[in-house]
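Worksheet: the structure to be examined is printed underneath.
The values are calculated or read from the model by the stated rules, or taken from the named source; none is laboratory data. No experiment lies behind these values; they were computed from the predicted model shown. Here Cβ is always computed from backbone atoms with ideal geometry, including for glycine, and neighbour counts include all displayed protein chains. Side chains included, ligands, DNA and RNA excluded: accessible areas come from the protein's heavy atoms. Shrake-Rupley method; radii C 1.70, N 1.55, O 1.52, S 1.80 Å.
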Amino acid sequence: MDGMILDVDGTLWNSTGIVAKAWTRAVRENGCPDMTVTPEMLQALFGRPMDVIADHLLPQLTPEHRYHIMKVCCGYEHQALREDECRICYPGVPETIRELAAGVSLFIVSNCQAGYIELFLEKTGLGSYITDFECYGNNGKSKSENIRLVVERNALQAPVYVGDTQGDADAAKEAGIPFIFAAYGFGTADHADAEISSFAELISISGVGEKAERNALPEIVNEEETEKRYQAREVSK
């Protein structure tokens, strides 16, 4: 494994409580005064491209209207996340990312809006540990296309993708790389190559811990080699 590509929502953190309040404000101010967006609604939608989320969330509106509201939702969302002193990462995420980064390159690919990954990195202070990232909001490309894009521009030979939904599993398959299912997240997934019940389990899957142990072990030599080294030291004297 020379690269681990991570999803955000449902894999690294759960922002749906804060985002639901921001989106409710946005939809109520823009033509849907009686609508309430709940965390459960968002957990069922997150992971999809933003236009698809708008289509599912606001099917009663014209495409132009719903996509306008979605832009407002994203703006309010960023404001709410930036202002809230949130600690919404899943247990062990910051510590595990710092440990993983010592042995494998880390990346992020999400279907989120532009600026969301940057906000995540800003809120968590993890920016220095992420080599590269890409999202739907930056280029309009699907998750599988953005996975391939990150793989290509970083010359990865044996990467994996970590996510929490069937959409993540399908994207990894389309991109031609193994998929690790984060079972603690928002969704379900069939035919994962591996499954984790906590983010910290990625340490053992990646082998980073084993590499650290090997690097820390003292060098062991046999008796014959020890005698040769002893004789060489005597000669050098």
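Annotations
- Heavy atoms of Ile205 accessible to a 1.4 Å probe, total area in Å² rounded to 10: 70
- Chain lengthening between His68 and Met1 when straightened (0.36 nm per residue, less Cα-Cα): 20.0 nm
- For the range 1-81: accessible area per residue (Å², 1.4 Å): 42
- Beta bridges per DSSP with both ends in the chain, % antiparallel, nearest 5: 5
- Amide H partners (placed H, <5 Å) of Ile108, local residues excluded: Leu6, Asp132, Phe133, Glu134
- Percent accessible area from carbon and sulfur atoms, the chain, protein chains only, probe 1.4 Å: 49
- Radius ratio Rg over Rh of the chain, counting only Cα atoms, Kirkwood formula for Rh: 1.15
- With Cα atoms, 0 to 90° folded angle of helix 143-153 axis to the chain main axis: 40
- Derived from the Cα gyration tensor, the three semi-axes of the equivalent ellipsoid of the range 105-210 are 20, 17, 15 Å, largest first.
- Listed cross-link partners Lys141/Lys173; Lys21/Lys123; Lys71/Lys173; Lys71/Lys123 are compared with a 23 Å cut-off, the Cα-Cα value being larger for Lys71/Lys173.
- Label-point separation, Glu122 to Arg28 (7 Å along Cα→Cβ), nm: 2.6
- Per residue accessible area in Å² of the range 88-211, where ligands, DNA and RNA are left out and the probe is 1.4 Å: 42
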